[in-house]
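The block underneath contains the structure these notes are about, expressed in C-alpha cells.
The values are calculated or read from the model by the stated rules, or taken from the named source; none is laboratory data. Values in this document were obtained by computation on a predicted structure and should not be read as measured data. Counting neighbours? That spans all protein chains shown, and the Cβs are built from the backbone with ideal geometry, glycine included. Note: accessible area is taken over every heavy atom of the protein model, side chains too, but ligands, DNA and RNA are not part of it. Shrake-Rupley method; radii C 1.70, N 1.55, O 1.52, S 1.80 Å.
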Amino acid sequence: MVKVNITETVLRDANQSLIATRMPFQDFEAILETMDKAGYYSIECWGGATFDSCLRYLNEDPWERLRKIKAKLKKTKLQMLLRGQNILGYKHYSDDVVRKFVSHSIENGMDILRIFDALNDYRNIEVAVDETIKRKGHAQGTIAYTLSPIHNLENYAKLGKQLEGMGVHSICIKDMAGIMGPKEAYDLVKTLKETVKIPVFLHTHSTTGLGPITYFKAVEAGCDGVDTAISSFSGGTSQPSTETLNYSFKQMGYATSLDEKILKDINDFFKPLKEKYVSSGLLDSFVLGTDTDALVYQVPGGMLSNLIAQLKQQNSMDKLDEVLQETPRVRKDLGYPPLVTPMSQMVGVQAATNVLLGERYKSISKEVKAYLKGEYGKAPGEVDAELVKKVLGDEKPITGRFADTLEPEFNKIKQQVKGMAKNDEDVLSYILFPQIAEKFFKHREESTAVKVNYAIAKV
C-alpha cells in the first residue's frame, strides 16, 4: 500500500496565514502531547514568521518556544521553514551567521529544515543545506513554484537535479500562491519523480480553492507527502484540511498512518481557539474565503491585497486594472522572478509606481535597484538591458554569490551585545531583528529582576 506522509501546519503556516502568527505558546501547549500521538510525518512549528512574531508581538523567546515544543513532541519530527541566506530576516546574512543559526536550530530540537530561496538561486541555500547535513538534520531543498514562459517542466527538472546534487534528503515544491492546478501538479511531480531518486513533497494553500484537487493529482503522480492544517484552521489562505484529505486518501487506498480519533481530539481543542480569535477580531472571515482572482491575475492573494491597500492610500483605486496589467510587464523586465516574499512586494510596488507616475521606471525603489545589482541572486530569466543600464549605468552587476562579499559578523556582534545577550541564541535573535530583540531583552530583564520587599520591624 502506497503511503502519503502528512505534515501538520496549524502551529506555523496555518497560524501565519490566518492570524498573522499571533498564536501564543500557552494557547496550544495543552494539545502538544496529543498531537504527538496522531501519526503525523512531521509538525511544522517554527521558522517563517514565527521568530519575528514571538519577539515582536508575543513577548516570547523563539528559542525557548522551540525547546518547549520539543519537550512535548517526543516522537514526531519538528519541521521549520528557512529562507536560505536570508535565514528568517529580510536581507542576506554572512555565512558564519547562517551556520550558527542552523546548528542552534538543530541543537534546540529541529529535525527537518525546509530551505528555500525566492529566486531558486541555490547558491543562496548551499551553506544552510551544508550545515544542516553536517549537523545530522534533514535538509529539504525547495523549488519555489511559479508560472511564467521560462518556468517549464524542463527547467523545474534541472532545479530538482541541482538540489539532489547538493545532497538534500528530500525536495518540496512550494506553491505559495495556491495557483498550481491539478494538471500542473501531476506533470511536475511525475517529471521530478522520473528525474530524482529522493522523496518529493508538495506545499500549497487553499486560497484559490484548488488545494485538495491539486494534492490528489500530485499523489497520483507519486508525491510522497503533503502539508495540511487541522480543519478548524484550514481553508482560505491556509492549507487544505487534514481530516478531509486523510479520509479521502484512505478511501482511495492510500496509507497515511493518521489516527482519526486523535485528529478529532486535536480539532476539538482548536475549535474554541478559533472562536476566540474570531471574536477578538484577530481572525478575519475574509481570509477564510476562496479568492479566484489569483487565477485570473496570476498574482498571489497577499500581493493583491497589498496592491489594493497601496492604491487606496493614494485614492487611486480606479487604476487597479492598469496596475494589474503592468505587473506581468514589470515581472518580465525583471527576468520572471517567482512572486514570493520579497519579490512579490518589489514587483507590485514598482508596477503601481509606474502607473501612478504615468511613466515607466521614472522612480525605481531601492529594493529593485539592489535586485538589478545582483544582491538577491541571479534572475531566473533575461533582465531588460535598458532597465539595467538606467539603474547601474556603467557599473557591473554582481555575478557571484552576494554572501561572498559579506564579512563574518557573529563574533563581532556578540562582543557588541555582551551586556544584553545571555547566550548565542540571544545574539542570533539580535542579528536578525536588532531593535525588536533589544526591546525584548529589556522587558525580560525587567520582569525577572529581583523585587526586594522591605519590612519595617517593630521595636
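Taking every alpha-carbon pair under 8 Å whose residues sit at least 6 apart, region 116-170 reaches a relative contact order of 44 percent.
For a straight C-alpha distance cut-off of 15 angstrom, the aspartates and glutamates reachable from LYS250 (same-chain residues fewer than eight places away being disregarded) are GLU220, ASP224, ASP259, GLU260.
Of the cross-linked pairs LYS161/LYS396; LYS366/LYS422; LYS193/LYS261; LYS70/LYS261, those separated by over 25 Å at the C-alpha level are LYS161/LYS396; LYS366/LYS422; LYS193/LYS261.
Quick one: net charge of GLY222's neighbours, Cβ under 14 Å, K/R +1, D/E -1? Computed value for this residue: +1.
With Cα atoms defining each centre, region 96-115 and region 294-311 are spaced 33 Å apart in the structure.
Residue separation of VAL278 and ILE398 scaled by 0.36 nm, minus their Cα-Cα distance, works out to 38.5 nm of gained length.
Specify whether the C-alpha gyration tensor of the chain places it in the rounded, prolate or oblate class, a ≥ b ≥ c being the square roots of the eigenvalues: rounded for a/c under 1.5, otherwise prolate if a/b is larger than b/c and oblate if not. Rounded, since a/c falls under 1.5.
Across the chain, C-alpha contacts under 8 Å between residues 6 or more apart give a mean separation that, scaled by the residue count, equals a relative contact order of 17 percent.
Using Cα centres only, tell me the gap between region 195-245 and region 250-288 in whole Å. Each part reduced to its Cα centre gives a spacing of 15 Å.
If we count every other residue with Cβ under 15 angstrom of LYS439's Cβ, Lys/Arg +1 and Asp/Glu -1, where does the sum land? All intermediate terms of the calculation are to be shown ahead of the outcome.
Values: positive: ARG56, LYS442, ARG444; negative: ASP52, GLU60, ASP61, ASP426, GLU438, GLU445, GLU446.
Value of the local net charge: -4.
Near VAL347, once Lys and Arg are set to +1 and Asp and Glu to -1 for all other residues with Cβ below 11 Å from its Cβ, the sum equals 0. The packing ranking of peptides 364-376, 139-151, 198-210, highest mean first, is 198-210, 139-151, 364-376, where packing means the average number of other beta carbon atoms within 10 angstrom of each residue. Ordered from highest to lowest accessible area with the whole protein assembly present and a 1.4 Å probe, ARG56, ARG83, ARG67 read as ARG56, ARG67, ARG83. Estimate the FRET efficiency between ASP424 and VAL296 by the formula 1/(1 + (r/R0)^6), using the beta-carbon distance for r and 41 Å for R0, to the nearest 0.05. The formula returns an efficiency of 0.30 here.
For a protection proxy built on the mean count of beta-carbon atoms within 10 angstrom, sort 236-249, 7-20 highest first, please.
Details: 236-249: 22.7, 7-20: 25.6.
Most protected by this proxy first, the peptides run 7-20, 236-249.
Rounded to the nearest whole Hz, the Karplus-based 3J(HN,Hα) values (6.51 cos²θ - 1.76 cosθ + 1.60, θ = phi - 60°) of region 273-285 follow the sequence 4, 4, 4, 4, 5, 5, 5, 7, x, 5, 9, 8, 4, with x at glycine and proline. Backbone amide hydrogens, once placed in the peptide plane, bring CYS172 within less than 5 Å of GLY141, THR142, ILE143, PHE201, excluding anything fewer than 5 places away on its chain.
Placing dummy labels 7 Å off each Cα toward the beta-carbon, the span from SER257 to LYS72 is 2.2 nm. Spatially, region 384-419 and region 151-189 are offset by 29 Å when compared through their Cα centroids. Once C-alpha pairs closer than 8 Å and six or more residues apart are averaged by separation and normalised to the residue number of region 1-82, the relative contact order reads 37 percent. 3J(HN,Hα) couplings calculated from phi for region 380-396 with the Karplus curve 6.51 cos²θ - 1.76 cosθ + 1.60 (θ = phi - 60°) are, in sequence order, x, x, 6, 8, 4, 5, 5, 5, 4, 4, 4, 7, 9, x, 9, 5, 8 Hz; Gly and Pro show x. Among the trypsin sites (Lys or Arg not before Pro) within region 103-138, those in coil by DSSP and having at most 16 neighbouring Cβ atoms inside 10 Å are LYS136.
Given a Förster radius of 41 Å and the C-beta distance between ALA385 and GLU409 as r, what FRET efficiency does 1/(1 + (r/R0)^6) yield to the nearest 0.05? About 0.75, to the nearest 0.05.
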